[in-house]
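Asks: One structure follows; several queries about it will come next.
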Amino acid sequence: MFRFFENLVDPYRSYTQVDSPPRKLWPYLQDYLRPFSKVFWATGIFSVANATIDIVLIWYVGVVVDILSLGMPAQVWADHWLEIVSVAAFILIVRPSIGGVHVALLHNTIMVNFATMIRWRAHSHVLRQPVGWFESDFAGRIANRIMQAPPAAGEAVFQVFDAMAFASVTLVGAGFMLAEADPRLLVPLLVWLAFYLLLMRWTLRRIGPASQAAADARSTVTGRVVDAYSNIHSVKLSGHHERERDYAREAIEVARQAVATEMRIITKMDVTLTVLNGFLIVAVVGWSLLLWYQGDATVGTVAATSALVLRLNNMTYWIMWSTTNLFENLGVVKEGMETITHPLTLVDAPQAPTLDFREGLIEIDGVSHHYGRGSGGLDSISLTIRPGEKIGLIGRSGAGKSTLVKLMLRFYDTEQGRILIDGKDIATVTQESLRRQIGMVQQDSSLLHRSVRDNIKYARPESSDAEMIAAAKRAEAHDFILNLEDPQGRNGYEAHVGERGVKLSGGQRQRVALARVILKDAPILILDEATSALDSEAEALIQEALFNVMKGKTVIAIAHRLSTIAAMDRIVVLEDGRIAEQGTHAELLKASGLYARFWARQSGGFIGLEEAAE
């Protein structure tokens, strides 16, 4: 039975991905509400039926009281036993069936699938964001919004059907019941309703902004806490435990004040509602007693109206809280939408083809990129890298080396100029097909919090274990992998490496990353300080493996240690975002320019990065 309701809507159904989702709440939610339209109609019908049954039962309590006052118990039972038994059967069989379907639609269909659909699509959208977008925010805050907004949207939908529909039917039913007993009983109900709606309006106008401010403050707290945990080594190494505590406390205090503001509104609402409900109880029950005293109402009428207003008294707190929670949840959704609906700024061209890789000719044509700042980055770079050529790329920090690599991978679009591979502008082909042709090992190789096997095969999931092990051996990683064991007892290639590979040493992480690139076997290879985390012995072994991997590939190697790139076919020296000089190691030494000065000044084989150019 549960599976039937859980499968009424497929949260992973295919949909059209858009680059710029709606930024307003209701247009955004409409895309998610549409697949649930039939379920919502059914839920609404059963919600109305449920509320109607409860009102009718309250009315029937008055009928029973009047029946009991008609005569002796035996005679009453003889005259009304069939009616009473039928109502009992209805309460025992029909009411639970209707209520069960209503609850199953709410909990097992809507609550299970609605939030899942939003989270799945939001995550899919965020994954498509460019690297620069992630570099501008806390990973923890992004994740927090993706985790919080979908269930908040689900709760909002739940409140609409569980509280709003139920309350509307109950209120209308109450009006009919009181009017049937005596139309004058509607007067206190209508007066109470007017003030209740005013109180609700006052509350909602304030609780929405307050809730959004509280949700934003909580996200900031999460971001700061996750930032500290993600960089715990730096925190411990710098001895900044107290500083991080104070940094988090600032955000926590802002969150506390935001919640306090929200709770003041709730308290004012609650006290005012208690006064209003007191008026409703005294007015309606008192008036019904007066009518009974005057002979215009039966005892059953007094009993039914008393039960009704007591139910309304309890329900109004629930409705006010539900309505408040509804708008609080909508506030959380709106806050999350700042992240999960952010338009994509780097997308594939419409109908973009895959990259038709043939030889690996790379042409960088008048490329400038300053990250929108007007300075820094690259300035009018033109460079041709022939198929199979090995290029060494050097320069001081900030010279533009990493920017050039990011542009080649199309992590950013160039501000001016273009980059071509085999004559095809990389901005006109799909990003995935471009990156499939490029293997890269970075200076700080972070790994996924998964097994060693998953990390190496991430480059080519369809590869065999034999191919994976061969790549690990070429990267000098196989032996230490066999000795790995994680806290859960998983060994070797099944051992998990921790967040960003924290359970491995820097050299071990680098070797696993090298194994991944070797397994990928892409025709273009980018090495960004690929051996910087290795000791001298391991570096010598892996350098030899890398030179074997480089055969037949187009290679761009960034290095501060000049000895690692001296044997390249050509060395390109960047300075202030421009190509200062290029040539072979021997030619650049003979030219006595920047490269020659770097070579002369290097200490232990590294560029004197802090040295100013002469």
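The values are calculated or read from the model by the stated rules, or taken from the named source; none is laboratory data. Since we're looking at a predicted model, the values are computed, not measured. Note that we place each Cβ from the backbone using ideal geometry, even for glycine, and neighbour counts take in every protein chain shown. All accessible areas refer to the heavy atoms of the entire protein, side chains included, with ligands and DNA or RNA removed. Shrake-Rupley method; radii C 1.70, N 1.55, O 1.52, S 1.80 Å.
Asks: Identify the single condition in (1) surrounded by 14 or more Cβ atoms within 10 Å (Cβ to Cβ); (2) more than 46 Å from the chain's Cα centre (by Cα); (3) modelled with pLDDT under 85; (4) closer than 23 Å to residue 311 by Cβ that residue 76 does not satisfy, given that it satisfies every other one.
Replies: (4)
Asks: Here's another thing I want to ask about it. Within region 431-445, restricting attention to residues that are in a loop (DSSP other than H, G, I, E, B) and open to solvent by 30 Å² or more (accessible area, probe 1.4 Å), which residue is farthest from residue 504 (Cα to Cα)?
Replies: Going through the qualifying residues, I end up with 437.
Asks: Give the number of residues within region 491-507 that are modelled with pLDDT of 90 or more, open to solvent by 70 Å² or more (accessible area, probe 1.4 Å) and part of a helix (DSSP H, G or I).
Replies: Number of matching residues: 1.
Asks: Give the residue, chosen from 140, 208, 175, that is surrounded by fewer than 17 Cβ atoms within 10 Å (Cβ to Cβ) and at pLDDT below 85.
Replies: The unique qualifying residue is 175.
Asks: Which of (1) within 30 Å of residue 172 (Cβ to Cβ); (2) among the aliphatic types (A, V, I, L, M); (3) surrounded by 18 or more Cβ atoms within 10 Å (Cβ to Cβ) does residue 290 not meet, given it meets every other one?
Replies: So the condition that residue 290 fails would be (3).
Asks: Oh, and also: For a quick check of your reading of the model, give me the residue pairs whose first member lies in region 460-471 and is over 18 Å from residue 511 (Cβ atoms), whose second is β-branched (Val, Ile, Thr) and crowded, with 16+ Cβ neighbours inside 10 Å, with beta-carbon atoms closer than 9 Å and at least 6 apart or on different chains.
Replies: none
Per-residue answers, yes or no, for (1) surrounded by fewer than 17 Cβ atoms within 10 Å (Cβ to Cβ); (2) without any contact (Cβ under 8 Å) to a residue 12 or more places away in the chain; (3) not hydroxyl-bearing (Ser, Thr, Tyr):
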{"position": "39", "(1), (2), (3)": "no, no, yes"}
{"position": "55", "(1), (2), (3)": "no, no, yes"}
{"position": "66", "(1), (2), (3)": "yes, no, yes"}
{"position": "72", "(1), (2), (3)": "yes, yes, yes"}
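Asks: In the set 544, 539, 476, 467, which member is modelled with pLDDT of 90 or more and either open to solvent by less than 50 Å² (accessible area, probe 1.4 Å) or not in a strand (DSSP E or B) (or both)?
Replies: The unique qualifying residue is 467.
Asks: Run residue 230 past the list (1) open to solvent by less than 70 Å² (accessible area, probe 1.4 Å); (2) under 19 Å from residue 176 (Cα atoms) and report the number of the one that doesn't hold.
Replies: Looking at each condition in turn, residue 230 falls short on (2).
Asks: Output the qualifying pairs, or none if there are none: Cβ atoms under 9 angstrom, residues six or more apart or on different chains, first residue in region 173-202 and over 20 Å from residue 54 (Cα atoms), second residue assigned to a helix (DSSP H, G or I) and among the basic types (Lys, Arg).
Replies: Hits for this filter: 202/268.
Asks: Let me ask you something else. Return the residue satisfying two criteria in turn: it lies in region 371-385 and is in contact (Cβ under 8 Å) with a residue 40 or more places away in the chain and within 17 Å of residue 397 (Cβ to Cβ), and of such residues it is nearest to the chain's Cα centre (by Cα).
Replies: If we take residues in region 371-385 being in contact (Cβ under 8 Å) with a residue 40 or more places away in the chain and within 17 Å of residue 397 (Cβ to Cβ), then 371 is nearest to the chain's Cα centre (by Cα).
Asks: Ok, one more. Would you pick out the residues in region 339-353 that are more than 30 Å from residue 258 (Cβ to Cβ) and touching a residue at least 24 places away in the same chain (Cβ under 8 Å)?
Replies: 344, 345, 346, 347, 348, 349, 352, 353
Asks: Another question about this same structure. Wholly within region 64-140, which helices (runs of 4 or more DSSP H) include no fewer than the required count, namely at least 2 residues that are among the charged types (D, E, K, R) and out of contact with any His (no Cβ under 9 Å at 6 or more places or on another chain)?
Replies: The qualifying helices (runs of 4 or more DSSP H) are 73-89, 112-127.
Asks: Next question, about the same structure. Scan region 358-374 for residues that are within 23 Å of residue 528 (Cα to Cα) and part of a loop (DSSP other than H, G, I, E, B) and report the count.
Replies: 5
Asks: Next up: What helices (runs of 4 or more DSSP H), lying completely within region 157-243, carry at least 3 residues that are of a type in the set (Gly, Ala, Ser) and within 33 Å of the chain's Cα centre (by Cα)?
Replies: 186-230
Asks: Could you go through region 406-417 and let me know if any residue there is outside any helix (DSSP H, G or I), in contact with a strand residue (DSSP E or B) (Cβ under 8 Å, 6 or more places away or on another chain) and farther than 20 Å from residue 130 by Cα.
Replies: No; the residues of region 406-417 include none that is outside any helix (DSSP H, G or I), in contact with a strand residue (DSSP E or B) (Cβ under 8 Å, 6 or more places away or on another chain) and farther than 20 Å from residue 130 by Cα.
Let's see how each residue does on (1) more than 26 Å from the chain's Cα centre (by Cα); (2) touching a residue at least 12 places away in the same chain (Cβ under 8 Å); (3) part of a helix (DSSP H, G or I):
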residue	(1), (2), (3)
4	yes, no, yes
16	no, no, no
23	no, yes, no
52	yes, yes, yes
61	yes, yes, yes
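Asks: Test residue 427 against the stated conditions and say whether it is closer than 26 Å to residue 232 by Cα, of a type in the set (A, V, I, L, M, F, W, C), modelled with pLDDT of 90 or more and open to solvent by less than 50 Å² (accessible area, probe 1.4 Å).
Replies: It is false that residue 427 is closer than 26 Å to residue 232 by Cα, of a type in the set (A, V, I, L, M, F, W, C), modelled with pLDDT of 90 or more and open to solvent by less than 50 Å² (accessible area, probe 1.4 Å).
Asks: Cβ-Cβ below 8 Å, separation at least six or inter-chain, first residue in region 501-521 and under 16 Å from residue 482 (Cα atoms) and among the β-branched types (Val, Ile, Thr), second open to solvent by less than 20 Å² (accessible area, probe 1.4 Å) and outside any helix (DSSP H, G or I): which pairs?
Replies: 512/445; 512/447; 512/475; 512/477; 512/497; 512/504
Asks: Which of the residues belonging to region 260-298 are within 22 Å of residue 328 (Cβ to Cβ) and in contact with a Lys or Arg (Cβ under 8 Å, 6 or more places away or on another chain)?
Replies: Passing the criteria: only 265.
Asks: Please specify each residue of region 355-386 satisfying the condition of being open to solvent by less than 50 Å² (accessible area, probe 1.4 Å) and either of a type in the set (D, E, K, R) or more than 28 Å from residue 553 (Cβ to Cβ) (or both).
Replies: 370, 376, 379
Asks: Let me ask you something else. Scan region 466-499 residue by residue and report those that are small (Gly, Ala, Ser) and closer than 24 Å to residue 440 by Cα.
Replies: Matches in region 466-499: 466, 470, 471, 472, 475, 477, 495, 498.
Asks: So, in region 575-605, of the ones that are assigned to a loop (DSSP other than H, G, I, E, B) and either open to solvent by 50 Å² or more (accessible area, probe 1.4 Å) or small (Gly, Ala, Ser) (or both), which residue ends up modelled with the lowest pLDDT?
Replies: My answer is 604.
Asks: Part of a loop (DSSP other than H, G, I, E, B), open to solvent by 50 Å² or more (accessible area, probe 1.4 Å) and touching a residue at least 12 places away in the same chain (Cβ under 8 Å) - does that describe any residue in region 320-338?
Replies: Checking region 320-338: not a single residue is part of a loop (DSSP other than H, G, I, E, B), open to solvent by 50 Å² or more (accessible area, probe 1.4 Å) and touching a residue at least 12 places away in the same chain (Cβ under 8 Å).
Asks: Being of a type in the set (S, T, N, Q), surrounded by fewer than 16 Cβ atoms within 10 Å (Cβ to Cβ) and either touching a Ser or Thr at 6+ places or on another chain (Cβ under 8 Å) or at pLDDT 85 or above (or both) is true for just one of 510, 488. Which residue is that?
Replies: 488
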